[in-house]
Amino acid sequence: MSPCNDLILSCDEIQDTKLLSLVSSVLLAQGKKSEVSAVGQRIVKVLERRLPEGQSARYLLPVLSNVISLSPESLTEEQTNVVSKKMTDWLRYASIQQGVAQPSGGFFSNPRTRQPGPVTEMDGAIATDFFTVLSVGQYYTQDQWLNVQAFSMLRNWLLCYGGKGLETPKSGDKSGMDRSVTSMVSTTSTSSRLLPPKERLREKAFEYCQRLIEQSNRRPLKKDDGDLQKACLIEAVTIMDIICKQDSSYVYRTVSFLKILHGRICGDATYARALMPIAQFFLNHSKMAAVDSDAIYKHLFTDIPAQLFHNPSLAFEFVQFCKDNSQLFTETSSIFRQSFPNLFKFLAWNSPPLISEFVDLLPFLLDASTAVEIFHLLLDLPCLTAALDVQLRSAALSTSERAASDPAVKPATCLEAFRHPLYKSMFQYLLRTKSVPEDAPERLIPLRQLLGSLASSPRVVQCAETVPVLLELFFRVVAEFADGPLINQLVVLLLQRSDQLYEIPAFKDDVYRVLSSQLVVLCKLHPALVVELSTEILEFSGTVSNIQNKEAIFTHMVWAIGEYMSVSYDKRCTVEQINRFFETLEAMLFEITQLRPLASTPSYAPRAISALMATLTKLAARSQDLIPRVSMFLSKMRTFVQSPAVTSVYCEEDLEEILIRATELMNLLKMPSVAQFVFTPPVDVASTRFQREVNDSLPFALRIVTRLLEPTPGFMPG
């Protein structure tokens, strides 16, 4: 900001390029669109003319790059053509002789300096081709610096101006009826200077990128130069991809070039980042080029996550790459979905930073063929984190320490178990690189128990905290495509896996909460599952320990029985089935409400007791021979709630609610026909308010019946 209103900066009359750069930077920082446009106009005008002696365009390119980022529409097509011509010359025709050291001006400075030698390649060989950012010299000329700067802004320039042009009021859409013709010229003409500026820049940029890729194959003399090589290689492949999008005639000569490059670098883990832009190119263009790219995708999804899951920056880049291309991958290759066990290694090791990316990614990994396996994997995610930790520590051991374990001796630590024959196949399955459908989740029970020693590890705990979010998303996505058999399978697994979770108390509580709420959703999607899975549901709901350990799941399961064990939802529902469920739940309610000596009375969730009473009443309303049994049971609840042994472990409010519920249900059963309507409505009215309530007190209709049977003074039903 200007310190006073009288001081106004302007770049219109500035001739000195260094001063222009400084003033322009201040104007751009002010953020006014008019100033951004004025700066862009001035920079191009200065670049257009021949600069005076001692002036350099080096100071202006960073400013121009900022203008492009802030407001690309600031430049007209005529101005972009001017800059494209300049960039073409800077990229392709920079000097291949080294620069001269600037004299210090001291008394002993030697006015006669040696003639500069040629620039070299990174391996020390004399450069025989044109100058690039990977060329090496002791000093650099002005045009060489411009070459480097032009390459640094090339990608953004092509994205903004390399195609058909910006659709802005300032730039007419000369979309190029003869683009295909000029594209052919660009690949065959011996005089590329005849091409339009965009086409010529594209051609020289392509040649520049080819040269960079060839230079990246040289072994650098300096260790740090290897990182520069890899960075330039990635940028070169990315720019070639952009060029091929803008002109498809480049695709065919790029395909074979990049396949050779992939074959050269795929075995070197230090080039892992470069494999992503190569895969991106084939994702974008393999269909047009009619080439099979599965080998490239397979290597990418198999080796990189398995070997480098512990590299946080690479993990983010890789997952972001998958997220950005998830639609393309699912449409073009089955390898993407099959590789989900490997992809989840990134999340297991780098959560919670990657949770938002996986929220976007998970829907693309899910379909009917992967749903069950992903369900298991989500529940085992903290266990996977622990296994990855063991894998890394095992790899760090010396050869002697990694000697095979004695099969006859039980391993004492996780590290010993990693190499022990008893656990080896379990680790291999948990650390698998691709989908292997597995119908026996109990296979990993011993491994979960073994890895329990790592349950308090901060990394494992952090991973466990991400599971509920993904689990809820999993069920939301699956609900969109799941059919009856898949829903049945998931419900059975849900009940089974509730006993087979990694031993982190907070994790188990969160998972139980999600599973219980999603159980209701699955039952609503496919009510017939209560009849179809009656054996499994009876086994689960007839186990007393489930009330204490998994109260939320148990309560929702009991509610589902009462709601959907009805001919209204499934004509296959029989009186015999209703009676079987009634007897099982009756035994459960008796078990948890029987009076015991004061010291041994256990405490059960009042919500579970209420759900059991309500479900027994619903079942009796559908099989009315059962009404006397449940009525008698409900009548004894007053004795239960008034027992000293019970009042010592339940709070007064809970006992009052249990008694109110029992009274309401008992009153309702005095009018069997009303009870049958309330508890077994036609399916088309099953979504009314009093039917939507799941675990709270009985609905409004039930209260009306109670008041009819026990009218209060002054109450007059309408």
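Things to note:
- Label-point gap, in nm, between Val291 and Ala125 - each point 7 angstrom along Cα→Cβ: 2.4
- Qualifying lysines (Cα of each under 27 Å from Cα of Lys636; at least 8 residues distant if same chain): Lys550, Lys618, Lys670
- Packing, taken as the mean count of other beta carbons within 10 Å per residue, orders the peptides 512-520, 373-381 from highest to lowest as 373-381, 512-520.
- Close amide H pairs (under 5 Å, H built 1.01 Å from N) link Gln97 with Val119, residues at least 5 positions away or on another chain.
- Contour minus Cα-Cα distance for Asp224 and Glu331 (0.36 nm per residue): 34.5 nm
- Value in Å of the Kirkwood radius, where segment 285-328 supplies the Cα pairs that are averaged: 11.7
- Computed from the C-beta positions of Asp360 and Ser534, the FRET efficiency with R₀ = 41 Å rounds to 0.60.
- In the assembled protein chains, Glu442 presents an accessible area of approximately 90 Å² (probe radius 1.4 Å).
- Computed with a 1.4 Å probe on the full set of protein chains, the accessible area for Lys222 sits at about 140 Å².
- From helices alone, the chain scores -19000 deg cm²/dmol at 222 nm; the rule is -39500 (n - 2.57) for each run of n ≥ 4 DSSP H residues, then divide by the residue total.
- Placing R0 at 41 angstrom, the Cβ-Cβ distance between Lys33 and Asp268 gives a FRET efficiency of 0.30 after rounding to 0.05.
- Remark: segment 13-71 is approximated by an ellipsoid whose semi-axes, taken from the C-alpha gyration tensor as √(5λ), come to 19, 10, 10 Å, largest first.
- Label corresponding to Rg/Rh (Cα atoms, Kirkwood Rh) when calculated from the structure given, among (i) 1.14; (ii) 1.02; (iii) 1.12: (i)
- Backbone N within segment 648-669 under 14 Å of label point (7 Å from Arg513 Cα along the Cβ vector): none
- From most to least packed by mean Cβ count within 10 Å, the peptides 649-658, 528-537 give 528-537, 649-658.
- Segment 473-608 shape via C-alpha gyration tensor axes, a/c threshold 1.5: oblate
- The base-10 log of I(q)/I(0) for segment 329-375, evaluated at q = 0.24 Å⁻¹, reads -0.92 [Debye formula, identical scatterers on Cα atoms, solvent excluded].
- The convex hull around the C-alpha trace of segment 264-384, projected and averaged over every direction, spans 7.3 square nanometres.
- If you plug the beta carbon distance of Gln676 and Arg629 into 1/(1 + (r/R0)^6) with R0 = 22 Å, you get a FRET efficiency near 0.85.
- With all pairs of separate Cα atoms included, segment 24-106 yields a Kirkwood hydrodynamic radius of 14.4 Å.
- Modelled spin labels at Cys651 and Leu70, positioned 7 Å past Cα toward Cβ, are 6.1 nm from each other.
- Only the Cβ atoms of Lys and Arg (+1) and of Asp and Glu (-1) were treated as charged; on that basis the dipole of segment 217-278 about its Cα centre amounts to roughly 220 debye.
- Here the peptides 66-77, 419-430 are ranked by packing, the mean other Cβ count within 10 Å, and the order with the highest first is 66-77, 419-430.
- With the cut-off at under 16 Å, measuring from each backbone N in segment 221-243 to a point 7 Å along the Cα-to-Cβ line of Lys259 picks out no residue.
- Computed about its Cα centre, the charge dipole of segment 283-370 is approximately 100 debye, with only Lys, Arg, Asp and Glu carrying charge at their Cβ.
- Normalised per residue, the accessible area of the chain is 47 Å², obtained with a 1.4 Å probe and no contribution from ligands, DNA or RNA.
- Using Cβ point charges alone (K and R +1, D and E -1), the dipole size of the chain about the Cα centre works out to roughly 1600 debye.
- Each of Asp143, Asp12 has its accessible area taken with a 1.4 Å probe; listed largest first, they run Asp12, Asp143.
- Hydrodynamic radius (Kirkwood) for segment 401-543, which is based on Cα pairs only, to one decimal in Å: 17.4
- Extension gain for the segment Val461 to Glu48, taken as residue separation times 0.36 nm less the Cα-Cα distance, is 142.6 nm to one decimal.
- In terms of overall dimensions, segment 514-565 has a Cα radius of gyration and Dmax of 10.2, 28 angstrom.
- Segment Leu7-Gln496, extension gain: residue separation times 0.36 nm, minus the distance between their alpha carbons: 168.5 nm
The values are calculated or read from the model by the stated rules, or taken from the named source; none is laboratory data. It should be emphasised that the depicted structure is a prediction, and the values quoted were computed from it without experimental measurement. Cβ sites come from the backbone with ideal geometry, for glycine too, and all protein chains shown count toward neighbours. Note: accessible area is taken over every heavy atom of the protein model, side chains too, but ligands, DNA and RNA are not part of it. Shrake-Rupley method; radii C 1.70, N 1.55, O 1.52, S 1.80 Å.
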